[in-house]
Amino acid sequence: PPSGVSLSVQPPSRQVALGDSLVLSCTVPMGTGPLFFSWHQESSGALLGTGPHLELCHVGVNDSSQYQCQASDGDSMTDSD
């Protein structure tokens with residue numbers, strides 16, 4: 001199963017101004033075979049994307065939340081912190 005799933009942010013500051021763009025990246029240092037990614041926002045639980053990167057363009061008030069990436073190798077799934 002994938003392990004060590006981590007999430008990084010560009011730009012790296014923890015504060016983003018309204019209207020800015022933000023890119024979240026999900027990385028997995030170890031795993032077997034092809035990996036599949038999914039992104040979720042804590043406040044809605046909705047699926048936001050399915051690739052290793054999630055771009056939020058023109059960040060608004062509704063984007064304020066915690067985000068989580070899930071990595072799956074087809075058999076098991078691991079969440080980012």
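Quick one: in the range 24-35, which of the residues that are among the polar types (S, T, N, Q) and modelled with pLDDT of 85 or more is farthest from the chain's Cα centre (by Cα)? Ranking the candidates gives Thr27 first. Evaluating Ala71 against the criteria (1) in contact (Cβ under 8 Å) with a residue 60 or more places away in the chain; (2) over 12 Å from the mean Cα position of the chain (by Cα) leaves one unmet condition, (2).
Rundown of residues vs (1) within 20 Å of Val16 (Cβ to Cβ); (2) touching a His at 6+ places or on another chain (Cβ under 8 Å), yes/no style:
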| position | (1), (2) |
| --- | --- |
| Val28 | no, no |
| His40 | yes, no |
| Ser43 | yes, no |
| Leu47 | no, yes |
| Glu55 | yes, no |
| Val59 | yes, no |
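The listed residues are Ser13, Ser80, and the only one of them that is under 15 Å from the mean Cα position of the chain (by Cα) and of a type in the set (S, T, N, Q) turns out to be Ser80. For first residues located in the range 15-29 and at negative phi, partners that are among the polar types (S, T, N, Q) and open to solvent by less than 40 Å² (accessible area, probe 1.4 Å) and lie 6+ apart or on another chain with Cβ distances below 8 Å form the pairs Cys26/Ser80; Val28/Thr78.
Applying the selection to the range 36-64, what residues are polar (S, T, N, Q) and within 12 Å of the chain's Cα centre (by Cα)? Hits for the range 36-64 are Ser38, Gln41, Thr50. Scanning the range 15-35 for residues that are in a strand (DSSP E or B) and either open to solvent by less than 50 Å² (accessible area, probe 1.4 Å) or not hydroxyl-bearing (Ser, Thr, Tyr) (or both) yields Leu22, Val23, Leu24, Ser25, Cys26, Met30. Looking only at the range 36-67, filter to residues that are open to solvent by 50 Å² or more (accessible area, probe 1.4 Å) and touching a Cys at 6+ places or on another chain (Cβ under 9 Å); which one of those is modelled with the lowest pLDDT? That would be Pro52.
Taking the range 36-81 and the strands (runs of 3 or more DSSP E) fully enclosed by it, the elements with 2 or more residues that are among the aromatic types (Phe, Trp, Tyr) are at 36-41.
The values are calculated or read from the model by the stated rules, or taken from the named source; none is laboratory data. Keep in mind the model is a prediction, meaning the values are calculated, not measured. Heads up, the Cβs are rebuilt from the backbone with ideal geometry, glycines too, and the neighbour counts pull from every protein chain shown. Calculation scope for accessible area: heavy atoms of the full protein, side chains included, ligands and nucleic acids excluded. Shrake-Rupley method; radii C 1.70, N 1.55, O 1.52, S 1.80 Å.
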